[in-house]
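I have placed the structure first, in the form of structure tokens, so that the comments after it can refer back to it.
The values are calculated or read from the model by the stated rules, or taken from the named source; none is laboratory data. The structure presented is a predicted model; accordingly, all values stated were derived computationally and were not measured. Neighbour counts are summed over all protein chains in view; Cβ atoms, including those assigned to glycine, are modelled from backbone coordinates with ideal geometry.
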Amino acid sequence: MVEFSTAVTVLVIAMLWVPLVAVCTLIPVAVYIVARWRHSKEYRVPDPQLGLKAIWSFFKLVGFQIGVIGFSLFLFGISQPRNEIGAGPLGGGLFMLGALVYAIHWAAMKRTNHDQFPHTMRMFSGLNMIMVGMGAVFATIFALVVTLTPPPSMELVKMGWTFTATYLVAWIISARGFLRVHVLRWQRQSPPEA
């Protein structure tokens with residue numbers, strides 16, 4: 001049987017690894033470069049706030065990812081007997097931190113010209129949806145493995161399915177935000193009525 005603490009460590013590292021590797025490497029820089037290129041291709045007017053929008057979008061993405069991980073740990077922690085596992089307080093703290101980071105950068109984004117030039121926000125929104133989807137896949141694989149491994153550890157099964165459910169809901173939320181950004185753009189580009 002798999003040791004509980006080892007499995008928890010592996011799951012948390014796997015859930016943190018995907019966002020950290022994707023976000024902390026060159027992806028924000030690449031998104032900025034592509035957004036700059038697309039903007040110059042589609043608009044004749046330069047966007048003086050493109051760098052700000054890239055920074056705010058990046059930290060919104062980081063806040064969302066930390067919030068999802070924290071909320072997953074919080075839900076798992078409150079489903080466990082007291083004083084057995086400290087995931088609840090850790091998860092609650094991570095969730096509040098993620099929500100605070102997201103809210104601050106969402107408010108900062110509202111002060112930019114993101115409605116006129118939405119490239120950066122759309123790209124980071126798509127990246128967030130991909131990352132949450134990958135987290136949902138990893139959580140589902142983990143949940144299935146611990147459920148089907150004899151004898152199943154009930155703590156690991158609860159953890160796996162809690163993370164799976166949380167990540168699936170987070171994916172739906174991020175997909176809704178992604179579509180809202182795209183629908184907003186489609187509505188602006190619709191031809192004028194005769």
Item to check | Among residues of segment 81-129, those that are closer than 21 Å to residue 30 by Cα and small (Gly, Ala, Ser), counted | outcome: 2
Item to check | Qualifying residue in segment 1-10 (condition: farther than 19 Å from residue 122 by Cβ, modelled with pLDDT under 90 and either under 13 Å from the mean Cα position of the chain (by Cα) or buried (at least 17 other Cβ atoms within 10 Å of the Cβ) (or both)) | outcome: yes
Checklist entry - Name the residues in segment 134-156 that are buried (at least 16 other Cβ atoms within 10 Å of the Cβ) and free of Cβ contacts under 8 Å to residues at least 60 places away in the same chain, would you? => result 136, 140, 143
Checklist outcome for this item: Counting only residues in segment 26-38 that are at pLDDT 85 or above and crowded, with 17+ Cβ neighbours inside 10 Å, the one nearest to residue 125 (Cα to Cα) is identified as 31
Item to check | Hits in segment 112-137 - residues which are over 14 Å from the mean Cα position of the chain (by Cα) and of a type in the set (Phe, Trp, Tyr) | outcome: 117
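Quick check, is residue 104 β-branched (Val, Ile, Thr), buried (at least 20 other Cβ atoms within 10 Å of the Cβ) and modelled with pLDDT of 90 or more?
Details: β-branched (Val, Ile, Thr): yes; buried (at least 20 other Cβ atoms within 10 Å of the Cβ): no; modelled with pLDDT of 90 or more: yes.
No, not satisfied.
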